[in-house]
1. Can you find a residue that is modelled with pLDDT under 75 and open to solvent by less than 60 Å² (accessible area, probe 1.4 Å) anywhere in the range 90-108?
2. Out of curiosity, is L179 modelled with pLDDT under 95, among the hydrophobic types (A, V, I, L, M, F, W, C), at negative phi and open to solvent by 20 Å² or more (accessible area, probe 1.4 Å)?
3. Assuming A31 fulfils every condition listed in (1) within 13 Å of the ligand (Cβ to nearest atom); (2) touching a residue at least 24 places away in the same chain (Cβ under 8 Å); (3) open to solvent by 60 Å² or more (accessible area, probe 1.4 Å) apart from one, which condition is it?
4. Which condition does H23 not pass, out of (1) open to solvent by 60 Å² or more (accessible area, probe 1.4 Å); (2) within 14 Å of the ligand (Cβ to nearest atom); (3) under 15 Å from L108 (Cβ atoms), if it passes all the others?
5. Tell me which residues, restricted to the range 56-88, are more than 16 Å from the ligand (Cβ to nearest atom) and modelled with pLDDT under 85.
6. Tally time: how many residues in the range 3-20 are surrounded by 14 or more Cβ atoms within 10 Å (Cβ to Cβ) and either of a type in the set (G, A, S) or closer than 16 Å to R111 by Cα (or both)?
7. Out of the strands (runs of 3 or more DSSP E) lying entirely within the range 1-114, which hold 1 or more residues that are more than 14 Å from the chain's Cα centre (by Cα) and of a type outside the set (D, E, K, R)?
8. Could you list all residues from the range 36-55 that are within 14 Å of the ligand (Cβ to nearest atom), at pLDDT 95 or above and open to solvent by 50 Å² or more (accessible area, probe 1.4 Å)?
Amino acid sequence: MASILIVEDEEKIARFVELELKHEGYQVGKAADGRTGLSMAESGAYDLMLLDVMLPELNGIELLRRLRRSSQMPVIMVTARDAVVDKVSGLDLGADDYITKPFAIEELLARIRVALKKSHGTAVQDNGNVLSCGEVCLDKARHEVTVSGHPVELTHREFSLLEYLLENKNIVMSRDNLLEKVCGYDYAGETNVIDVYVRYIRTKIDDVYGIKLISTVRGVGYVIKDEQ
Ligand code: CA
């Protein structure tokens, strides 16, 4: 059974979630501040982290930012109600999902199952595969994108979007399809989010290197075409 790290400074919540997870058969570790949470996450002993945003010493957003330099472990952010900024920065920094306090334990358990399943699937696929189109290379195992050998900094979501388009080169992908792949099937936010991520990628790659990587197919979606 998977082991789950709970990073939460409210002892009552941490204890409650711990009991529920143990009841489901998970192994559980707990940290009550961000610094301890980061070092426990970096130990590699856990399969998934539940990460509260408001934490002493190191907040959840900063913890996640540091963790993502070295680890792609699944992270579910636990945010306060209406903390839209936290959700957006968490997802852009590579959180896999978020849940809003107060949450129903069943919903949390469902999200944990989805995140674990997704990360397991990714791990099986990623055998150091490198995807490319022209001078653009995407290394799945190293989570790196380069253009003519120059590294490009993409957020987690931009990277996923580019990865999926490269995997399906020359096939037009609809916005709905991309939304599901990049944001998850239960994504309930803005539907134009894919257009926004495409624009970010164009700013970081096309505008800088003078190439046309992702083509818009009007009324349908996007495609990356092999150079003729
Ligand atoms: Ca807190």
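1. The answer is yes, given that some residue of the range 90-108 is modelled with pLDDT under 75 and open to solvent by less than 60 Å² (accessible area, probe 1.4 Å).
2. When the stated conditions are applied, L179 passes them.
3. If we test A31 against (1) within 13 Å of the ligand (Cβ to nearest atom); (2) touching a residue at least 24 places away in the same chain (Cβ under 8 Å); (3) open to solvent by 60 Å² or more (accessible area, probe 1.4 Å), just (3) comes out false.
4. Single failed check for H23: (2).
5. Within the range 56-88, V84, V88 meet the criteria.
6. Going through the range 3-20 one residue at a time, the tally reaches 7.
7. Values: elements: 3-7, 27-31, 48-52, 75-79, 97-100.
Result: 3-7, 27-31, 75-79, 97-100.
8. The answer is T36, and nothing else.
The values are calculated or read from the model by the stated rules, or taken from the named source; none is laboratory data. None of these values were measured; they are calculated from a predicted model. Quick reminder, even Gly has a Cβ in these numbers, built from the backbone with ideal geometry, and neighbours come from all protein chains shown. Ligands, DNA and RNA are stripped out before the accessible areas are found, and what is left, the full protein with its side chains, is counted by its heavy atoms. Shrake-Rupley method; radii C 1.70, N 1.55, O 1.52, S 1.80 Å.
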